[in-house]
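Peer 1: Next up is a structure, given as structure tokens.
The values are calculated or read from the model by the stated rules, or taken from the named source; none is laboratory data. What you see is a predicted model, and the numbers here were worked out from it, not measured in a lab. Every residue, glycine as well, gets a Cβ built from its backbone with ideal geometry; the counts of neighbours run over all protein chains shown. Ligands, DNA and RNA are excluded from the accessible area calculation, which covers all protein heavy atoms including side chains. Shrake-Rupley method; radii C 1.70, N 1.55, O 1.52, S 1.80 Å.
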Amino acid sequence: MRGVAVLGSTGSIGVSTLAVLKRHPDRFRLVAITAGSNADRLAQQQAEWRPAFASLANGNGNGGTAGRAALLEAATHPDVDIVVNAVVGFAGLEATLAALWAGKRVALANKESLVTGGPLVERARLEGGGELVPVDSEHSAVLQCLSHAAAPCSRIILTASGGPFRDWEADRIATATVEQALCHPTWRMGSKISIDSATLANKALEVIEGHYLFGLPYDAIDVVVHPQSIVHGFVEFADGSVLAQLGYPTMELPILYALTHPERLGDAGVRRFDPVAAASLTFEPVRHEVFRAFALGLAAGRQGGLAPTAFNAANEVAVARFLANQLAFGRIAEIIETVLARFPGGPVSDLGDVQEADAWARAVAESLI
Ligand SMILES: NC(=O)c1ccc[n+]([C@@H]2O[C@H](COP(=O)([O-])OP(=O)(O)OC[C@H]3O[C@@H](n4cnc5c(N)ncnc54)[C@H](OP(=O)(O)O)[C@@H]3O)[C@@H](O)[C@H]2O)c1
């Protein structure tokens, strides 16, 4: 019986995580939940699950704490073995660090933790004795392929659905509406990651995440567009052999695997794969010149240091403004590009550096809008 904290329990991944836990009451006990500001849903979850700790990060919660302290308290709760970090954005970083320093397993959906604080996360994992297991389906696919391998891999290939604008002309994409951008062809997700999937910034975040998770150089991480979202990731070995992980799009499998890795539980309760029903699986290159946010994110990753933090912050600001109908879709990449061009760079030495770079990039992005 393992104690679980779900940070961001009211969101898309949070709700899916609770569905997974519900199917395995003999294996997991929900100890702590946190939400941002959805007090009603948090109250419903609290009534149903009766966790020892529940709190709103953006308000006064039942745990008697507020703001970041709520996240940190849940992440380090003594009865918690596994922290599912399903918070969206930079707000999730500190909880990832605290959980790893406290020796917990972190089932990481919050990719922004690794993008903005990769070296700090790695240090916390090594020195705190915690474990980091990805929830992202692409990284879960890679981990599942690697878990059966006796040799290190030479390359990974992450798949991307291509988002709602995969085959649109650049001019049409530039003026896409919020409704169009949120209409993802294969996944139902929170609004921020849905927009990131439409710009393909999400795939750049995932490449940076993969760089830190698997210790691979950027030249060893490729991305391919795969509109059916059936193959989640490929792993290539030195001899040229390639393994892939497949399944219909559902986050419940990668969430369950992040809880049980390297074990597998009997039945995840998901639709069984049928290759005939899946029919044709197709693959295309990413249109780098059209999806500029993707190219900018990769460049920031390769630059390293605090550049991915600036990329992430500029993207978070631009996406929030787009969702509020205050920015055209086409300007998201433009804002990111200008922020990165002005960013002086620097190394990631401690959390203060990262917070400073994040605040700087947010301020510049806001001034541009
Ligand atoms: N959704 C997917 O299928 C998917 C797949 C792979 C990876 N991910 C990653 O998983 C993370 C969560 O994505 P999501 O789609 O589940 O997002 P979401 O539906 O927007 O949920 C985000 C959760 O974080 C909470 N939250 C928001 N701002 C917060 C803050 N400042 N402090 C504390 N909590 C805060 C929200 O609370 P309230 O709603 O109560 O405000 C909500 O519970 C993201 O990093 C995303 O990239 C998602």
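Peer 1: What ³J(HN,Hα) values, in whole Hz, does the Karplus curve 6.51 cos²θ - 1.76 cosθ + 1.60 give for segment 152-161 when θ = phi - 60°, with x put for Gly and Pro?
Peer 2: Here the 3J(HN,Hα) series is x, 8, 9, 7, 10, 10, 8, 9, 10, 5 Hz.
Peer 1: Tell me, what are the semi-axes, in whole angstrom and largest first, of the equivalent ellipsoid of the chain as set by the roots of 5 times the Cα gyration tensor eigenvalues?
Peer 2: 28, 26, 21
Peer 1: If you don't mind, another one. Using +1 at the Cβ of each Lys and Arg and -1 at the Cβ of each Asp and Glu in the chain, identify which of G215, S37, I193 lies farthest towards the dipole's positive end.
Peer 2: S37
Peer 1: Now, a different point. What percent of all Cα-Cα pairs in segment 259-339 falls in each 5 Å bin, counting up from 0?
Peer 2: So the P(r) values, bin by bin, are 3, 12, 15, 13, 10, 8, 12, 16, 9, 1.
Peer 1: Taking a ≥ b ≥ c as the square roots of the Cα gyration tensor eigenvalues, with a/c under 1.5 meaning rounded and otherwise prolate when a/b beats b/c, else oblate, which class fits segment 8-60?
Peer 2: Prolate, since a/c reaches 1.5 and a/b exceeds b/c.
Peer 1: Then there is this: Just the number please: accessible area per residue for the chain, 1.4 Å probe, all protein chains included, in Å².
Peer 2: With all protein chains present, the chain gives 41 Å² per residue.
Peer 1: Moving to a separate point now. For segment 317-357, restrict the atom set to alpha-carbon positions and state the Rg and Dmax in Å.
Peer 2: 13.1, 37
Peer 1: Can you give me the convex hull volume of the Cα atoms of segment 60-132, divided per residue and expressed in Å³?
Peer 2: In segment 60-132, the Cα hull volume divided by residue count equals 74 Å³.
Peer 1: For L200, L298, give me the order by solvent-accessible area with a 1.4 Å probe, most accessible first, ignoring ligands, DNA and RNA.
Peer 2: L298, L200
Peer 1: Given the whole protein assembly as supplied and a 1.4 Å probe, what does the accessible area of D81 come to in Å², nearest 10?
Peer 2: Taking all protein chains as shown, D81 has close to 60 Å².
Peer 1: Please compute one quarter of the surface area of the Cα convex hull for segment 123-235 and express it in square nanometres.
Peer 2: 8.3
Peer 1: Run the 1.4 Å probe and let me know the accessible area of T186, rounded to the nearest 10 Å².
Peer 2: Here the residue's solvent-accessible area equals roughly 40 Å².
Peer 1: Straight-line reach only, C-alpha to C-alpha below 18 angstrom: list the lysines that K192 could link to, leaving out same-chain residues fewer than 8 apart.
Peer 2: Output for K192: K111, K203.
Peer 1: Find the all-direction average of the projected area of the Cα convex hull for segment 2-134, expressing the result in square nanometres with one decimal place.
Peer 2: About 6.8 nm², averaged over all directions.
Peer 1: E94: accessible area at probe 1.4 Å, nearest 10 Å²?
Peer 2: That residue has around 40 Å² of solvent-accessible surface.
Peer 1: Also: With +1 on each Lys and Arg Cβ and -1 on each Asp and Glu Cβ, how big is the dipole of segment 2-134 about its Cα centre, in debye rounded to the nearest 20?
Peer 2: 260
Peer 1: Further question: Accessible area of segment 1-90 with a 1.4 Å probe: how many percent of it is carbon plus sulfur?
Peer 2: For segment 1-90, the apolar C and S fraction of the accessible surface comes to 47 percent.
Peer 1: Leaving ligands, DNA and RNA out of it, rank W49, W101, W360 by accessible area with a 1.4 Å probe, largest first.
Peer 2: Highest to lowest solvent-accessible surface, that is W101, W360, W49.
Peer 1: Rounded, prolate or oblate: which fits segment 74-177, taking a ≥ b ≥ c as square roots of the Cα gyration tensor eigenvalues, rounded meaning a/c under 1.5, else prolate when a/b beats b/c?
Peer 2: Because a/c hits 1.5 or more and a/b fails to exceed b/c, segment 74-177 counts as oblate.
Peer 1: Please work out the Cα center distance from segment 114-188 to segment 1-26, rounded to the nearest Å.
Peer 2: Between the Cα centres of segment 114-188 and segment 1-26 lies a distance of 21 Å.
Peer 1: What ranking of S137, S280 comes out by heavy-atom accessible area, probe 1.4 Å, highest first?
Peer 2: Largest to smallest exposure gives the sequence S280, S137.
Peer 1: Give me the net charge of R166's neighbourhood, meaning all other residues with Cβ under 11 Å from the Cβ of R166; Lys, Arg count +1, Asp, Glu -1.
Peer 2: Taking every Cβ under 11 Å from that of R166, the sum is -1.
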